[in-house]
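J.: The structure that follows is given in the form of structure tokens.
The values are calculated or read from the model by the stated rules, or taken from the named source; none is laboratory data. If you're wondering where the values come from, they're calculated on a predicted model, not measured in any experiment. Cβ atoms come from the backbone with ideal geometry, glycine included; neighbour counts cover every protein chain shown.
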Amino acid sequence: MTKLSKEYESTIEYPVAFQSLPQDKLLQEEPVKTIDIHVKASGFKILTEKIFPTKLNVESSNLIGKSATKYFLLLPKQRLYIQRQMNTGVVIDHFINDSVYFNLGVLAKKKVPVILKADLDFALGYDMEKEFLIKPDSVTLTGPESILDTVLSVETINYIGRNIKKSIDEELKLKEFSPKSNVNLLVGKVAFKATIEKFTEGSMDLPIKIVNLPVNTNIVTYPKSIKITYKVALSNFNQVDASSFVIECDYKVSKENDLPYLIPKIVKSSEYVKNIKFSPSQIDFVIEK
């Protein structure tokens, strides 16, 4: 007990927290988590400090630049600030390493699109009436410029829907980046909306329009029309008629490829329909003399 009451010198490892890093910079590597300080104190206090070392705050706002990404601070310049945080009777003699180094990158911003990750399974006869809506459809990221240059998009968490009959109106979280990347999302979630309706199948026979036919040339096609089938929401069924579609055959394509038939192509369709199919896929023709 007498020996422990005497003054001694010893090196103690203290945990540290770096405060007030420059706001326009980001850590690209974790700095040291401890610093070694040579102190003078009684044997009792040294023993206590070694078992229960005080966590010390280090001011980091005024870093000294060594290169574009390398910075350092000098601990002796903060000796008084650090001393005030230490337990009474423990006196700093010197720092084992005078400098603490930091690897800092430029804090940058970047706006990227949001990608929906979803596994949707609709009930029989149901489907989305139009394209789903993500709002906002893009978000802003902050982080080291070198990392943001490689980020092209942000994904939502996976949304799973089964036997869907009702419209979707949900909030989806965005996938976060690894803490080590120092990339942060300014928005953490987005709205996901989709209008779900009962669908039915429609069909009709449509005339064929021949384009790029040479002057004074007439052809006869077999058949003269094409049958199309499509899916349409019940609420929009009456919005679709023959004027909603245009089917063309390009004579020039068949001529240049020496084809004995024409290839039909849908060049106009209604915004209300999906899954359009047509037959036949080839149209025979003869040139009238």
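J.: Could you list, ordered by first residue, the pairs with Cβ atoms under 8 Å in which the first is in region 192-212 and under 12 Å from Glu131 (Cα atoms) and the second is outside any strand (DSSP E or B) and among the hydrophobic types (A, V, I, L, M, F, W, C), at least 6 apart or interchain?
T.: From residues that are under 12 Å from Glu131 (Cα atoms), the pairs are Phe192/Leu116; Phe192/Phe132; Lys193/Phe132; Ala194/Phe132.
J.: Those residues that are crowded, with 17+ Cβ neighbours inside 10 Å and farther than 18 Å from Tyr222 by Cβ, I need them from region 245-289; list them, please.
T.: Phe245, Ser270, Tyr272, Val273
J.: Could you run through region 86-109 and say how many residues are surrounded by 17 or more Cβ atoms within 10 Å (Cβ to Cβ) and outside any strand (DSSP E or B)?
T.: Number of matching residues: 2.
J.: For region 256-277, what are the residues that are of a type in the set (A, V, I, L, M, F, W, C), under 20 Å from Tyr230 (Cβ atoms) and part of a loop (DSSP other than H, G, I, E, B)?
T.: If we filter region 256-277 for residues that are of a type in the set (A, V, I, L, M, F, W, C), which is where we start, we get 259, 262-263, 266-267, 273, 276.
Restricting the remaining residues to those that are under 20 Å from Tyr230 (Cβ atoms) gives 263, 266-267, 273, 276.
Within region 256-277, just Ile263 meets the criteria.
J.: Listed residues Ser138, Ser146; which is in contact (Cβ under 8 Å) with a residue 40 or more places away in the chain, small (Gly, Ala, Ser) and over 30 Å from Lys265 (Cβ atoms)? Break it down stepwise before answering.
T.: Details: Ser138 fails: in contact (Cβ under 8 Å) with a residue 40 or more places away in the chain.
On inspection, the qualifying residue turns out to be Ser146.
J.: In this structure, is Asp205 surrounded by 17 or more Cβ atoms within 10 Å (Cβ to Cβ) and either basic (Lys, Arg) or over 30 Å from Ile115 (Cβ atoms) (or both)?
T.: Working: surrounded by 17 or more Cβ atoms within 10 Å (Cβ to Cβ): no; either basic (Lys, Arg) or over 30 Å from Ile115 (Cβ atoms) (or both): yes.
No: the conditions fail for Asp205.
J.: Quick check: anything in region 38-47 charged (D, E, K, R) and under 18 Å from Ile92 (Cβ atoms)?
T.: The first filter runs over region 38-47 and keeps only residues charged (D, E, K, R), leaving 40, 45.
Narrowing the set further to residues that are under 18 Å from Ile92 (Cβ atoms) leaves 40, 45.
Yes: region 38-47 contains one or more residues that are charged (D, E, K, R) and under 18 Å from Ile92 (Cβ atoms).
J.: If you don't mind, another one. Does Phe95 meet the test of being at pLDDT 95 or above, more than 20 Å from Glu155 (Cα to Cα) and not hydroxyl-bearing (Ser, Thr, Tyr)?
T.: Yes; evaluated as a whole, the condition is true for this residue.
J.: Follow-up question, since we're still on this one. Hey, can you tell me all the residues within region 23-78 that are over 27 Å from Ser178 (Cα atoms) and in contact (Cβ under 8 Å) with a residue 60 or more places away in the chain?
T.: Within region 23-78, Asp36 is the sole residue that qualifies.
J.: What tally of residues in region 169-225 results from selecting those that are farther than 30 Å from Gly105 by Cβ, of a type outside the set (A, V, I, L, M) and in contact with a Ser or Thr (Cβ under 8 Å, 6 or more places away or on another chain)? Please lay out each step first, then the result.
T.: So the first thing to find is which residues in region 169-225 are farther than 30 Å from Gly105 by Cβ, and the list is 169-171, 191-225.
Still in the list and also of a type outside the set (A, V, I, L, M): 169-171, 192-193, 195, 197-203, 205, 207, 209, 212, 214, 216-218, 221-225.
Subset that is in contact with a Ser or Thr (Cβ under 8 Å, 6 or more places away or on another chain): 192-193, 195, 197, 201-203, 205, 207.
Within region 169-225, residues that are farther than 30 Å from Gly105 by Cβ, of a type outside the set (A, V, I, L, M) and in contact with a Ser or Thr (Cβ under 8 Å, 6 or more places away or on another chain) number 9.
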